[in-house]
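Colleague: Please read through the structure below; I'll follow up with questions.
Throughout, read-outs are computed from the coordinates displayed, never taken from laboratory work. All values derive from a computational prediction rather than experimental measurement. Here the Cβ positions follow ideal geometry from the backbone for every residue, glycine too, while neighbour counts run over all protein chains shown.
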Amino acid sequence: MTGPLENDWLDEDRLDEDRLAAELARVLSVADPVPAAVVDAARHSFGWRELDAELAKLVADSRLAAASVRGDPGRLLSFQAGDRTLEIEVTRLDDRLRILGQVVPPGPAQVRAEQPAGTLDVTADHLGRFTIDSLPPGPTRFFCLPLGPDGAPVDAGIVSEWQVL
Amino acid sequence: MRADRDSLVAAAAAGDQGAWDAIVNRYAGLVWAVARGLRLSAADAADVCQVTWLRLLENLNRIQDPGALGSWLATTARREAIGTLRRRREVPVAEPDRGDVADEQQPPPWQAVLVRERDQELWQAFRRLSDRCQALLRLLVLDPTEGGYAAAAAALDMPVGSLGPTRARCLAALRRHLRAARGKGETTGEVADDWPARE
């Protein structure tokens, strides 16, 4: 197929910008398409919508701090919802993450690390501290349900914004 | 179009999976292009895409202007991508577009999918452009509408008015690379890039 349109697309002045852009769009869609798994993951993320917990916004992230020290202990994240705070320290060991968490105000809580691939439940002690030893990296959020003296949840709890850990 | 988009966001916020899927179909290419335009590997780009969609999900009820959805997604993806680059420490913080490309992680290999020689030439010429030109062209060829320009401006952190002239310079540079590869015009190695100097 060597009709004039096919043939001339490279020729200097005949090729207008929009035509080159259209050729590039086509080539990009073939050479670097959005992977089907990425689109599927986006569709399936809709299942994470339902939640009564209050959203805890990221208020501090050492990754975004101007100065980063070589060999620093880990990434420190701080999420806040109202007067509640969730402090998270992330340390990377090979291809796994170790999480040290602190619920503020301190107190017992159920904590769930949620990732699209699965969830992991731990308990924060009476000082609000919890540990997750081996978490795969990737998009993660923390759902925190503070417990009253009777061991029952005091309310719907808080959930952190999604972060890539 | 605008009414469609507004009602899609409202429907998705009300729990309509079909509306959510329609939003994903409409903008998946944009979010991917933002991440790849910042030179993330395919694996990191996939994480950035997923967290961007999860962020939209948790903010569906808070989206003030559904018409600006593309810009919101582009801004969120850009922020996440730059964060990922910092975490990887592959690039100086001030210049997120100078990342180390993990082309070997990029499926599928372009040689296998671009069967026509001229398509391969175009892809190779594109890859020789500056990172900024590549990022800009990825976004603008994907969606050359007004909404696409607004999203590209957000993704590139550039004024929308400068996109058109820059697009023209990047396309001209692309054409020069193509001609050089074909032995037409310039015959020596480097072809000027034409990204406008920073002020």
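Colleague: How crowded by other chains is B:171-182, given as the mean number of beta carbons from other chains within 10 Å of each beta carbon? If you can, show how the numbers build up before the last one.
Modeller: Numbers: counts 7, 2, 0, 5, 7, 1, 0, 5, 3, 0, 1, 1.
Mean shielding by partner chains, rounded to a whole number: 3.
Colleague: Peptide B:40-52: average number of partner chain Cβ atoms within 10 Å per residue?
Modeller: Taking the mean over all residues of the peptide, I get 5.
Colleague: Using modelled amide H (1.01 Å from N, peptide plane; none on Pro or chain starts), what sits under 5 Å from the amide H of residue A:161, excluding residues fewer than 5 places away?
Modeller: Those qualifying (amide H under 5 Å, at least 5 residues apart or on another chain) are A:56, A:58.
Colleague: Order of A:38-45, A:101-108, B:68-75 by packing, highest average Cβ count within 10 Å first?
Modeller: B:68-75, A:38-45, A:101-108
Colleague: Within 10 Å, count the other beta carbons around each residue, average over each peptide in B:25-35, A:25-35, and list them highest first.
Modeller: Packing order, densest peptide first, comes out as B:25-35, A:25-35.
Colleague: Same structure, new question: What is the spread of the Cα atoms of the range B:1-79 along each of their three principal axes, largest first, in whole Å?
Modeller: Reported extents, whole Å, longest axis first: 34, 20, 19.
Colleague: Residue-wise, which Karplus ³J(HN,Hα) couplings in Hz belong to the range B:67-72, taking 6.51 cos²θ - 1.76 cosθ + 1.60, θ = phi - 60°, and x for glycine or proline?
Modeller: These are the phi-based 3J(HN,Hα) values: x, 9, 4, x, 5, 4 Hz.
Colleague: Tell me, what is a quarter of the convex hull surface for the C-alpha atoms of the range A:52-164, in nm² with one decimal?
Modeller: Orientation-averaged projected area of the Cα hull: 7.2 nm².
Colleague: Considering every residue in B:18-29, what mean count of other chain Cβ atoms within 10 Å of its Cβ is obtained?
Modeller: For this peptide, the per-residue mean of nearby foreign Cβ atoms is 3.
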